[in-house]
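Any read-out appearing in this document is the output of simple, stated calculations on the displayed coordinates, not a laboratory observation. Computed from a prediction, not measured in an experiment: that's the story for all the values here. Heads up, the Cβs are rebuilt from the backbone with ideal geometry, glycines too, and the neighbour counts pull from every protein chain shown.
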Amino acid sequence: MQYISTRGGMEPVSFSDVVLMGLAPDGGLTLPIYYPRFSNSGLESMRKLDYRDLAFRILSKFVGGDIPSRDLEGIIGKTYTEENFGTKEITPLEKIDHNLYLLDLSRGPTLAFKDVALQLLGNLFEYTLEKKSTHLNLLGATSGDTGSAAEEAVDGKSKTAIFMLSPLTGMTHFQGAQMYSRKSPNVTNIAVEGRRGFDDCQDMVTSVNKDATFKQQYRLGAVNSINWARVAAQVVYYFKGYFAATDDNGQSVNFAVPTGNFGNILAGYIAKQMGLPIRHLYLATNENNVLEEFFRTGIYSPRSETIHTSSPSMDITKASNFERYLFDMLERDARKLNRYMALVESGQPAKISERYWERVQNSGIIAGTSTHRGRLYIIKAFYKKYGRLVDPHTADGIKVGYENRDLDMPVIFLETAKPAKFEATIREAIGRSPEMPSWYDPGKDYKPDFVLKAGDINGLKRIIKQRAIQ
Ligand SMILES: *Cc1c(COP(=O)(O)O)cnc(C)c1O
């Protein structure tokens, strides 16, 4: 399989190159030149596979011979273990009610769905870097959950160091604790003080990556959801959820996806392109509803301020992965995409033309917004009715999925994190705290390694120079 850039300025490259590259050299995002498709009988033969074999079937299409099958099996086998995810199922499906399902994606070590992709990415890095006898310094931004999951994935691995930017305010105390309590020489936590939370962090990552000389000199790579391998890994659980909720391939399902950076739902969209019978993908935003606005109006209009909400991992007003989807909607015309992104990057609203709007409407995505009140209501109601406690992000997905569901077919709510990560909101909803892991100390002041002002690119480069693997 070969990969191209959404901005049209990259000769096709292989899967391993794309894994190490993160952002393409022309500033675009990488995509396979086509989406592999499974026929009906192909799907049938996958129905009974366990998670690892399923992952192998799907991922080998994206790897496309670039990693020998035995090695890929080894990488997958060591990633998706009961030890790592607490269950052989990896992402178990629970039936909640008639046609209502919860796909539990947050059994990994950091209690969010990010582990499913990042645990694989950590092992892919290790393998690829070993093969190429080189190293990588990962630079990433987090709104809360990517940070700890990425650090967990590379902590102690010898050929990678990680620099993680997180917003100084906006994450929960527990999320801060998960990252800042880690004191490994190859992990550096940098908190960013600014008004736009995650977006400030992401902009700094983008700026540093634009300095091609610096990027090359320090061998910078990416772990955030722009890394193609993450998207590919996430495609797998849509198949897993589909097979677990249905009896045969004649049935269709809907998925409800709480959305921030558009990584998770992009994987669902791609699963659908690959032939998985998904009718609708319900995209749920929180109060930062840029994406919901796009799917309602055709206008994509990133905002200059991000609202702090009680589903903080979705406090994003510029969704990086949206570019991949847009590229497809623009019939993969890189010139048009460039024009569109130039508008977006200069802070102006960009409207999609009539011709492409129709494609958007046919892509299966239906968007809705959830707010603090809706979130609390769902957490409480779901707990009361089903005895199942869900986190605020999952609740956003449930709210939008439930409102829009087709009564005649299953809707699968993606459970993207465990309640322990968002203690205060859970307490507000049900009047008591969720169960917390024993290592966590709520009274302790967990501190990042560095604090920078938003936009302090030189400060960030100094830290990288000081602590990078060279
Ligand atoms: C990251 C995250 C999301 C948003 O996922 P995207 O891939 O960024 O759209 C939703 N819920 C939780 C708990 C998350 O950590």
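More than 29 Å apart: what percent of Cα pairs in region 96-253 qualify?
Tail of P(r) above 29 Å: 25 percent of Cα pairs.
Counting only C-alpha contacts under 8 Å and six or more residues apart, can you give the relative contact order of region 1-51 as a whole percent?
36 percent
Between rounded, prolate and oblate, where does region 331-470 land on the alpha carbon gyration tensor, with a ≥ b ≥ c its root eigenvalues, rounded for a/c under 1.5, else prolate if a/b exceeds b/c?
In terms of gyration-tensor shape, oblate.
For the residues Trp439, Trp228, what sequence is obtained by ranking on other C-beta atoms within 10 Å, fewest first?
Listing Trp439, Trp228 from fewest to most nearby Cβ atoms yields Trp439, Trp228.
Quickly estimate the mean residue ellipticity at 222 nm for the chain, helices only: each DSSP H run with n ≥ 4 gives -39500 (n - 2.57), and the total goes over all residues, rounded to 500.
It lands at -13000 deg cm²/dmol.
Quick check: convex hull of the Cα atoms in region 215-361, volume per residue, rounded to a whole Å³?
140 Å³
In what sequence do Tyr237, Tyr402, Tyr34 fall when counting other Cβ within 10 Å, fewest first?
With the fewest neighbours first, Tyr237, Tyr402, Tyr34 line up as Tyr34, Tyr402, Tyr237.
Write down the Kirkwood hydrodynamic radius of region 1-159, to one decimal in angstroms, obtained as one divided by the mean of 1/r over all alpha carbon pairs.
Taking every pair of different Cα atoms in region 1-159, averaging 1/r and inverting gives 17.3 Å.
Can you bin every Cα-Cα distance in region 79-157 into 10 Å intervals starting at zero and give me the percent of pairs per bin, rounded to whole numbers?
Each 10 Å bin holds this share of Cα pairs: 18, 42, 27, 10, 3, 0.
Sorted from largest to smallest, which semi-axis lengths in Å does the alpha carbon gyration tensor of region 166-266 give for its equivalent ellipsoid, taking the root of 5 times each eigenvalue?
Output for region 166-266: semi-axes of 33, 19, 14 Å.
How big is the antiparallel share of DSSP beta bridges in the chain, given as a percent to the nearest 5?
If we restrict to bridges inside the chain, about 25 percent are antiparallel.
Compute the distance from the alpha-carbon center of region 411-459 to that of region 80-125, in whole Å.
About 19 Å separates the Cα centre of region 411-459 from the one of region 80-125.
Average projected area of the Cα convex hull of the chain, in nm²?
If I average the Cα hull's projected area over directions, I get 20.0 nm².
Show me 457-470, 98-111 ranked by packing, highest mean number of other Cβ atoms within 10 Å first.
98-111, 457-470
So which GluC sites (Glu not before Pro) in region 244-329 pass both tests, a DSSP loop state and at most 13 other Cβ atoms within 10 Å of the Cβ?
Answer in residue order: Glu305.
Please label the shape of region 1-77 as rounded, prolate or oblate, based on the square roots a ≥ b ≥ c of the eigenvalues of the alpha-carbon gyration tensor (a/c under 1.5 means rounded; beyond that, a/b larger than b/c means prolate, else oblate).
Prolate.
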